[in-house]
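The values are calculated or read from the model by the stated rules, or taken from the named source; none is laboratory data. Just so you know, these numbers come straight off a predicted model, no measurement behind them. Note that we place each Cβ from the backbone using ideal geometry, even for glycine, and neighbour counts take in every protein chain shown.
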Amino acid sequence: MASVQYDIGDLVYAAEDILNDGGMPGIDEAEGLIAPAGARGVVVHYGHAEIDPSREIYLVRFETGPDGTLGNPVGVLPEELTQDLTVDA
């Protein structure tokens, strides 16, 4: 297995809109917006996909409002994340 790209506690940003794939409770629509591109979050855990152990998955809690409240953990692929603040929204 390759080394992880992000560690627990790392500050990350959504590199693109993060949409519900149907498995996120509390999001009304199957393709509802979980985090917009540029949303700030923190890595809280990481692992690998059960069906493809070569695929990293990161659990990220994105900020949900102006007060910095963190939302529920969301499973995100590494290509959906960046540490570069200048994300095109």
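A few comments on the model shown:
- The set of residues in the stretch 29-81 being under 18 Å from residue 8 (Cα atoms), in a loop (DSSP other than H, G, I, E, B) and touching a residue at least 12 places away in the same chain (Cβ under 8 Å) consists of 39, 55, 71, 72, 73, 77.
- Screening 68, 38 for residues that are more than 8 Å from the chain's Cα centre (by Cα), at positive phi and loosely packed, with under 15 Cβ neighbours inside 10 Å leaves exactly one candidate, 68.
- Picking from residues in the stretch 45-65 that are within 16 Å of residue 17 (Cβ to Cβ) and crowded, with 17+ Cβ neighbours inside 10 Å, the one that is farthest from the chain's Cα centre (by Cα) is 62.
- Every listed requirement among (1) at pLDDT below 95; (2) of a type outside the set (A, V, I, L, M, F, W, C); (3) at positive phi is met by residue 55 save one, (3).
- The set of residues from the stretch 56-76 being touching a strand residue (DSSP E or B) at 6+ places or on another chain (Cβ under 6 Å) and of a type outside the set (Asp, Glu) comprises 57, 58, 59, 60, 61, 62, 70, 71, 73, 74, 75, 76.
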